[in-house]
Each structure stands twice: as C-alpha cells, then as structure tokens.
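Visitor: Attaching a single structure in structure tokens format; questions to follow.
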Amino acid sequence: MRGLFIEAIRATQEAYGTKPSMPSGVIHGGPFDGQRAAWNPVVQLGNDVIIEREDPNKQLWHFRSEFPAAKDEYSKVGGHTFHSGDVRISIDVLAIAYDHQDPGVIALALYHESIHFDDLVSRGLRGNKEDLELRAYTKMRKHAADLIGTSPLQPNWKKLWMDSIKKERARNFEKIVRRDTNPILPTKEEDAALKEEFDTQEAALAQIRRQEEMLRESAEEQQRAREARARSLRAQPIAGADPTPRAQPVAAFDSVGALKNLAQRACWSPDGILEADIIRWFSWVPDGRNYFGLFPSDLDHCSSQLLNEILAMNTNSPGHAGLSADWLTRRAASLRSLSQSTPYPLIPSAPTPAISVAPPPPPRMTAPRRERDCDRFTWDGISWKEVGCP
Ligand SMILES: [Zn+2]
C-alpha cells in the first residue's frame with residue numbers, strides 16, 4: 001500500500017513538475033539551522049500524528065502533523081512542511097483526487113508544500129504563519145491555472161483562491177491559514193505535551209508491531225509443523241507403526257495398512273511414489289501372502305483397483321519384484337482417468353468383507369489365533385470368519 005502512495009506522489013510530481021527548486025538544501029534559521037533537508041513528501045494515513053526530530057544540538061523537537069476534518073474538500077488542509085524539512089501530505093488529498101479522478105489536487109498540495117520547502121532552505125521559515133501562507137498562496141495563484149486547468153474542481157478552487165488572495169486577509173483565507181499549523185514552533189510546554197503524546201503513539205505502534213511479530217511467528221510455527229507432519233508421513237507408511245520392519249514379526253494390520261497406503265499415495269499423492277517408497281512399503285509385507293479380500297471397502301476406485309493389482313503381483317512374484325514407481329504412477333493415472341470418465345468403475349474391485357454396519361471403526365487387531373489368513377484377525381471382536389471369509 002505504502003508503495004502505491006509513494007508512486008502516486010512520484011508520478012504526480014513527474015507529470016506536473018511540482019517540486020521545489022532544489023531537491024535538497026541546508027535549512028536556514030530555526031532549531032534545525034545548518035542541517036541538510038531533502039524534499040521527500042510522505043503520505044500520512046492518520047489524521048493526527050506526532051513527529052519527533054533531533055536538532056543539530058541533540059535537542060528533541062515534537063511536531064503535530066494534524067489533518068482535521070473539514071466542512072468540505074476545498075477547505076481541507078492538504079499538507080504540512082516542518083522546520084525539520086519533513087513534508088507530510090494527507091491521505092485525504094489522494095482520496096479527493098481519486099473521487100474526482102484528477103491528480104491535479106495532489107499536484108496543488110505538493111506545489112504548496114514545495115514553496116514552504118523552498119523557503120526553508122533559502123530564507124528560512126521566517127515571519128508569522130500568515131506571512132508564510134500568504135507567500136505560498138500568492139505563488140500558487142500564478143500557477144494554479146497550470147495545475148488545475150483541466151480539473152473539474154477548477155471553478156471552486158479558483159474562486160477560493162482569487163477571493164482569498166485579493167482580499168489578503170479575508171475571512172476565508174484566514175480560516176485556511178489558521179488551520180495550516182505547520183511553520184509554528186512549539187513552545188517548551190507545548191513540546192513537553194507533544195512528547196507525551198508521541199510516547200503514547202510510539203507505544204501503541206510498538207504494541208501493533210509486537211502483535212504482528214507474534215502472528216508471524218505463530219504462522220511460521222504452524223508451517224514448520226505442517227512440513228514436519230508431511231515429512232513423517234512420507235517417512236512412515238502408517239502412523240504409529242514400528243519403524244524397524246522385519247526385526248520382529250510383522251503385524252497383519254501393518255501389512256494391510258502399508259499396502260493400502262501405497263495404493264492411495266500412488267493414486268492421489270501429488271508427490272507421487274519413489275522406488276525407495278516401494279521398498280519401504282514392501283518391507284512391511286510378508287512375501288507371497290494372499291491378502292486378497294482383507295481390505296475394508298473405504299478405498300476409492302483407483303486405490304482399490306491398484307491395491308488388488310499390487311496384491312496379485314505380490315502373490316505371483318513375492319516382494320516388490322516387478323513393481324516400479326514408474327509403473328505405479330502410469331497405472332494410477334490410467335485408473336484415475338477411467339474413474340473420471342465413467343460414473344461406474346469399469347473394473348470391479350475385489351470382493352470385500354460384507355460388514356453390515358458401515359463405516360467400520362478403526363480396526364483393533366488381536367493376536368493371530370490360527371494359521372488360515374482369514375481366521376487370523378478380529379475386527380472389534382468380530383473375526384473375519386464370522387463376517388465372511390472370501
Ligand atoms: Zn502552507
């Protein structure tokens with residue numbers, strides 16, 4: 001957002017040539033006498049902001065940069081130039097320019113402040129506020145036609161300035177001058193009060209920055225946790241599974257879960273399958289065992305068909321022989337396109353145990369009781385034999 005405001009100011013200055021005679025210079029007079037100042041108009045978002053600056057004698061000064069609400073846009077204060085060389089343009093000026101689709105309003109505000117800036121680095125902000133404003137408005141009058149020549153605001157602005165400047169201290173003009181608080185230096189008491197306000201403002205800003213920092217840290221923490229979860233999912237086919245395969249008797253559910261997971265990953269994981277994944281998954285599967293039909297029916301078409309094919313391969317050629325990551329990826333792609341192009345699976349999936357109460361809860365496997373595969377497992381106390389062996 002800030003970048004856009006800077007760009008709006010830059011582009012307006014380029015288009016209208018509303019810059020001071022010198023882009024930088026040495027400040028004349030006042031507490032910042034002798035210090036260099038560069039023309040750098042900043043768009044101010046808040047209506048009331050305190051600026052703190054240190055003068056060459058290391059004394060701190062506080063300036064109120066205020067853009068109070070105005071009864072209409074013609075009496076709106078558009079900018080301030082401070083003794084420190086700081087130049088602020090109200091965000092309202094950009095809003096008015098946007099409303100009228102006319103950057104001439106920004107050009108006017110910049111031009112007005114550029115006159116103050118020229119004064120600051122040539123003769124100093126001498127004299128009272130009204131004299132300084134009169135100088136600025138008188139110069140503006142000469143260039144107003146160039147700046148607002150095509151502006152839809154032109155008749156109103158022109159009238160305001162003509163009236164103001166002709167009558168010099170006419171009420172209308174004095175009203176503007178009174179509101180334009182910029183060149184006045186605060187007294188010691190005023191500065192002390194401003195410093196208090198500045199400290200409050202900075203504390204509030206620091207609080208916002210801390211909250212931003214905490215939000216950023218928490219977002220990063222969540223991102224790290226997501227990445228760690230993704231890594232552990234890739235490293236371990238089944239959450240909670242024993243990470244040392246074959247070192248102890250392979251639990252039946254681990255084998256089933258491992259193969260199921262392999263098929264699902266081949267079908268749906270954007271990361272795909274690596275050869276190393278196949279070796280790891282099959283390290284959970286006892287060679288040559290027939291798991292056909294032992295799988296719950298919660299698999300989609302692609303995964304269940306692929307699983308059946310993997311099982312068939314495992315039965316015919318124990319281990320992962322003949323199974324490559326390349327084959328899995330191609331086969332999964334073809335199965336996916338089949339299930340997307342037809343409302344019904346073209347290839348029927350393998351028979352699955354007919355469990356009447358759907359969907360099955362996570363299985364709690366008990367120790368094998370007998371040798372036959374379909375007798376070996378119970379599912380929540382119901383043995384596969386009871387629910388129907390294939
Ligand atoms: Zn002014």
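The values are calculated or read from the model by the stated rules, or taken from the named source; none is laboratory data. Note that the structure is a prediction, hence the values are computed from the model and not measured. We place every Cβ from the backbone using ideal geometry, glycine too, and count neighbours over all the protein chains shown.
Visitor: Could you count how many residues in segment 1-48 are assigned to a loop (DSSP other than H, G, I, E, B) and either out of contact with any Leu (no Cβ under 9 Å at 6 or more places or on another chain) or not charged (D, E, K, R) (or both)?
Guide: Restricting attention to segment 1-48, the residues satisfying the condition of being assigned to a loop (DSSP other than H, G, I, E, B) are 1, 17-23, 27-35, 39-40, 45-47.
Checking which are either out of contact with any Leu (no Cβ under 9 Å at 6 or more places or on another chain) or not charged (D, E, K, R) (or both) leaves us with 1, 17-18, 20-23, 27-35, 39-40, 45-47.
Result for segment 1-48: 21.
Visitor: Of the residues in segment 104-129, how many are buried (at least 20 other Cβ atoms within 10 Å of the Cβ) and either away from the ligand (no atom under 16 Å from the Cβ) or part of a helix (DSSP H, G or I) (or both)? Before you say what the answer is, go through the steps one by one.
Guide: Here is the first cut: in segment 104-129, the ones buried (at least 20 other Cβ atoms within 10 Å of the Cβ) are 104-121, 125.
If we keep only those that are either away from the ligand (no atom under 16 Å from the Cβ) or part of a helix (DSSP H, G or I) (or both) as well, we get 104-121.
Residues meeting the conditions: 18.
Visitor: Within segment 130-139, can one find any residue that is surrounded by fewer than 19 Cβ atoms within 10 Å (Cβ to Cβ), assigned by TED's automatic domain parsing to the domain that holds Ala11, assigned to a helix (DSSP H, G or I) and more than 16 Å from the ligand (Cβ to nearest atom)? Explain how you work it out, then say what you get.
Guide: Residues of segment 130-139 that are surrounded by fewer than 19 Cβ atoms within 10 Å (Cβ to Cβ), as a first pass: 130-131, 134-135, 138-139.
After this cut, where a residue has to be assigned by TED's automatic domain parsing to the domain that holds Ala11 as well, the list is 130-131, 134-135, 138-139.
Keeping just the survivors that are assigned to a helix (DSSP H, G or I) gives 130-131, 134-135, 138-139.
With the extra rule that they be more than 16 Å from the ligand (Cβ to nearest atom), the set shrinks to none.
No, segment 130-139 has no match at all.
Visitor: May I pose another question? Looking for whichever is without any contact (Cβ under 8 Å) to a residue 60 or more places away in the chain, touching a helix residue (DSSP H, G or I) at 6+ places or on another chain (Cβ under 9 Å) and more than 16 Å from the ligand (Cβ to nearest atom) here; the options are Ile96, Ile91. Which one fits? Walk me through how you get there before you give the answer.
Guide: Numbers: Ile91 fails: without any contact (Cβ under 8 Å) to a residue 60 or more places away in the chain.
Going through Ile96, Ile91 in turn, just one is without any contact (Cβ under 8 Å) to a residue 60 or more places away in the chain, touching a helix residue (DSSP H, G or I) at 6+ places or on another chain (Cβ under 9 Å) and more than 16 Å from the ligand (Cβ to nearest atom): Ile96.
Visitor: Is there a residue in segment 73-86 that is surrounded by fewer than 17 Cβ atoms within 10 Å (Cβ to Cβ) and more than 11 Å from the ligand (Cβ to nearest atom)?
Guide: First, pick out the residues of segment 73-86 that are surrounded by fewer than 17 Cβ atoms within 10 Å (Cβ to Cβ): 74-75.
Restricting the remaining residues to those that are more than 11 Å from the ligand (Cβ to nearest atom) gives 74-75.
Taking every residue of segment 73-86 in turn, at least one turns out to be surrounded by fewer than 17 Cβ atoms within 10 Å (Cβ to Cβ) and more than 11 Å from the ligand (Cβ to nearest atom).
Visitor: Continuing with the same structure: Would you check which residues across segment 64-111 are more than 32 Å from the chain's Cα centre (by Cα), closer than 18 Å to Ala11 by Cβ and not aliphatic (A, V, I, L, M) and list them?
Guide: If the condition is that a residue be more than 32 Å from the chain's Cα centre (by Cα), closer than 18 Å to Ala11 by Cβ and not aliphatic (A, V, I, L, M), then Gly104, Tyr111 are the ones that fit.
Visitor: Do we find that Gln59 is surrounded by 14 or more Cβ atoms within 10 Å (Cβ to Cβ) and farther than 20 Å from Glu133 by Cα in this structure? Give the derivation first.
Guide: Details: surrounded by 14 or more Cβ atoms within 10 Å (Cβ to Cβ): no; farther than 20 Å from Glu133 by Cα: yes.
Judged against the criteria, Gln59 is not a match.
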